[in-house]
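Structure record follows, encoded as structure tokens.
The values are calculated or read from the model by the stated rules, or taken from the named source; none is laboratory data. Please read all numbers here as calculations on a predicted model, not as lab measurements. Don't worry about glycine lacking a Cβ; one is built from the backbone with ideal geometry, like all the others, and counts go over all protein chains shown. Protein only, heavy atoms only, side chains kept; ligands, DNA and RNA dropped before computing areas. Shrake-Rupley method; radii C 1.70, N 1.55, O 1.52, S 1.80 Å.
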Amino acid sequence: HQIKFFTPVWSDPLDLPPAANLKVVYCPGVPTGQVRRVLYEQLQLGKQIRSQNVSTWLGTCNTLPLQWDGCSVLIVQSLQYFTQPEAFTWPRRLFLRAMVPISIRRAHRIVAFSQVAKDRIVRLFDALPSKIDVIHHGLRFSETAISTYSLRREKELVAQTLGSRHYILCVSAFYPYKNHARLIEAF
């Protein structure tokens, strides 16, 4: 398989392993502002995808480009704009409430990160359960994954600081719906 990563020309460089089947496609003209960038994604990105002869598009964050009608897999990252609407600005909430159902209907396959998320997608959008695959988030720690001196040194400093004490690692943004206070209370 040939894998193509689409990214704006202004984004940070992708740190990909060298491989003959990986290609980075730099998209010129992608605005930096969120509203204009969403317009670009919905109205221009599909043309970019077609120009690269892509057979299957992976939508990694809730929506698919309107101008893409090929095969697609959609990752539904979250549905908090329905369950905690106060955490989103009204334009973002309006956009997601309009585009996510359209994207779910158009996707050939859907990825949810838990059975609860899958059930919610089925209930909210009347999606076919057979179209949705649950793939849990994964994390693998490996000594060989820490390849640079600075990262190894950072790991050593963290280990010295924590010692044998118990701790919580919560890799997350600080949105109210993430419920960090409850996590701390449970700990």
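For the residues Leu96, Leu64, the requirement of being under 17 Å from the mean Cα position of the chain (by Cα) and farther than 15 Å from Ile121 by Cα singles out Leu64. If only residues of the stretch 85-118 that are open to solvent by less than 50 Å² (accessible area, probe 1.4 Å) and part of a loop (DSSP other than H, G, I, E, B) are counted, the one that is modelled with the lowest pLDDT is Phe88. For beta carbons closer than 8 Å, sequence separation of 6+ or different chains, a first residue in the stretch 162-187 that is open to solvent by 100 Å² or more (accessible area, probe 1.4 Å) and a second that is among the charged types (D, E, K, R), the qualifying pairs are Pro176/Glu86.
Residue by residue, here is whether (1) out of contact with any Asp or Glu (no Cβ under 8 Å at 6 or more places or on another chain); (2) closer than 24 Å to His137 by Cα; (3) among the polar types (S, T, N, Q) holds:
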| position | (1), (2), (3) |
| --- | --- |
| Val38 | yes, no, no |
| Glu41 | yes, no, no |
| Gln84 | yes, yes, yes |
| Phe88 | yes, yes, no |
| Arg93 | yes, no, no |
| His108 | yes, yes, no |
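Of all residues in the stretch 17-72, those being of a type in the set (Asp, Glu) and closer than 14 Å to Ala107 by Cα number 1.
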